[in-house]
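See below for the structure under consideration.
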Amino acid sequence: MTVKDVTALLEEIAPLAHAEDFDNVGLLVGNNNQKVKGILVTLDTLETVIDEAVQKKCNLVVSFHPILFKGMKKITGETYVERVILKAIRNDIAIYSMHTALDNSPVGVNAKICEVLGVEKPKILIPKRNTIKKLITYVPKKDAKTLREKLFEAGAGTVGNYSDCSFNVDGFGTFRAGENAKPKIGTKGVSYTEEETQLNITFDMAFEKNVLDTLFEHHPYEEVAYEVITLENKNQNLGMGMIGELKSPTTEIAFLNHVKEVMHAKGIRHSRFLNKPIKRVAVLGGSGAFAIGAALHARADVFITADLKYHQFYEAEGRILIADIGHFETEQFTKNLLVDFLTKKIPNFAVTLSESITNPIKYF
């Protein structure tokens, strides 16, 4: 397999188009056409991880966090980032990062947190906007069924749990082919009327290239009339954080003890107890202060996240229990998720879970 083959599989659960605009995801070091000998999956790419990859004969590192985030003007080995890049290049090791593409995935970081905590039927806490697009095109009525089915195969027409979704309006299209045209229907210089179907199909932004390539390949006209519109609709199946419910209500202390145990938290910073049962749980891996309002709006009893500042605990407003369990702790099981996924996709290939402890925070 090549690097591109492996990363194409990873994009099935976390398309890079779903990453946040500020992020730096994808192949950061290496060549897409490089043959892969083995894959090492890690949360962070540090020098020890590259050493581990060399030792285990893995020449592709799949990392959650991107080692390259800000622009660089030199690579001299003065910083840990520069040393990682130099060591990776010297050893022909490619580095691929997923980060917020996996954060936004319905089966990604936050789904894994919910699984570990025992939170059932989780839904997206902050649905992502501007990820749904709509294709409008006009096709001869007799060709509409074939084109529609090809677009479905390309990934268009899925709405929530429904597939093959479209809206069709019949009417008449008119045109006159110019001198340099090569019309498949009609005659040059003669006005022509064709019974057409206006085809309306929505699709996820990650499939835009596939959808448009399919449209141009299978549309019978030489010149294809079409529009692509970005919709304001929230994407209920994509976004940051998740919210669900415990099987049975529990006390605040019992729940935090459970969190501390299963998430291997060294300590939990939390807002004041409200002496209310915990049933509805919101989670957001990594730095999640921006989602406190969403957790309140969703009527969560508790919000599990990380990297909260002093004043942000006041935002609980006496209505929710906020718990900061640590950045690493919220995301630590992400690499297990990726190893499990890749192992199922390519069972006869070497996919290894990194043993390097990359948490930079120590407790005394």
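The values are calculated or read from the model by the stated rules, or taken from the named source; none is laboratory data. Since the model is a prediction, treat every value here as computed from it, not as a measurement. Ideal geometry is used to build each Cβ from the backbone, glycine not excepted, and the neighbour counts take in all protein chains shown. Heavy atoms of the whole protein, side chains included, go into the accessibility calculation; ligands, DNA and RNA do not. Shrake-Rupley method; radii C 1.70, N 1.55, O 1.52, S 1.80 Å.
Bridging of Lys266 to aspartates and glutamates at a Cα separation below 14 Å is possible for Asp324, Glu329, once same-chain residues fewer than 8 apart are set aside.
Under the combined filter of DSSP loop state and at most 15 neighbouring Cβ atoms within 10 Å, the stretch 68-115 retains these trypsin sites (Lys or Arg not before Pro): Lys70, Lys73, Lys74. Of the trypsin sites (Lys or Arg not before Pro) found in the stretch 207-280, those that fall in a DSSP loop while having at most 12 other beta-carbon atoms within 10 Å are Arg272. The modelled label-to-label distance for the pair Thr230/Glu12, using points 7 Å beyond Cα in the direction of Cβ, is 2.9 nm. Counting 0.36 nm for each residue step from Phe175 to Asn275 and taking away their Cα separation leaves a gain of 28.8 nm. Of Phe207, Phe172, Phe303, the residue with the largest accessible area leads and the full order is Phe172, Phe207, Phe303 (1.4 Å probe). A DSSP coil position with no more than 14 other Cβ atoms inside 10 Å describes the following GluC sites (Glu not before Pro) in the stretch 184-276: Glu222, Glu223, Glu232. Among the listed pairs Lys56/Lys112; Lys309/Lys345; Lys87/Lys309, a Cα-Cα separation exceeding 30 Å is found for Lys309/Lys345; Lys87/Lys309. Out of Cys165, Tyr138, Val119, whose Cα points farthest toward the positive end of the dipole of the stretch 119-234 (charges: +1 Lys, Arg; -1 Asp, Glu; placed on Cβ)? After comparing all options, I get Val119. Among the listed pairs Lys57/Lys344; Lys73/Lys362; Lys123/Lys335; Lys234/Lys344; Lys57/Lys209, a Cα-Cα separation exceeding 26 Å is found for Lys73/Lys362; Lys234/Lys344; Lys57/Lys209.
Working with all protein chains in place, sort Arg176, Arg319 by solvent-accessible area computed with a 1.4 Å probe, largest first. Display every interim value, and only then the final one.
Working: Arg176 160, Arg319 130 Å².
If we order Arg176, Arg319 from most to least accessible, we get Arg176, Arg319.
Quick check: at a probe of 1.4 Å, how many percent of the accessible area of the chain sits on carbon and sulfur atoms? List each step's numbers first, then the result.
Values: 9770 of 19140 Å².
Roughly 51 percent of what the probe reaches on the chain is carbon or sulfur.
Across the stretch 82-181, C-alpha contacts under 8 Å between residues 6 or more apart give a mean separation that, scaled by the residue count, equals a relative contact order of 11 percent.
The simple spin-label model puts a point 7 Å past each Cα toward its Cβ; for Glu223 and Glu78 those points are separated by 5.7 nm. Normalised per residue, the accessible area of the chain is 53 Å², obtained with a 1.4 Å probe and no contribution from ligands, DNA or RNA.
Quick one: if the Förster radius is 35 Å, what FRET efficiency do Gln34 and Lys184 give, using the C-beta to C-beta distance and rounding to 0.05? Rounded to the nearest 0.05, the efficiency is 0.25.
Using C-alpha pairs below 8 Å separated by at least 6 residues, the relative contact order for the chain is 19 percent. In the stretch 88-121, whose amide N lies under 18 Å from the spot 7 Å out along Cα-to-Cβ of Thr250? List them in ranges. Only 111-121 pass the distance filter.
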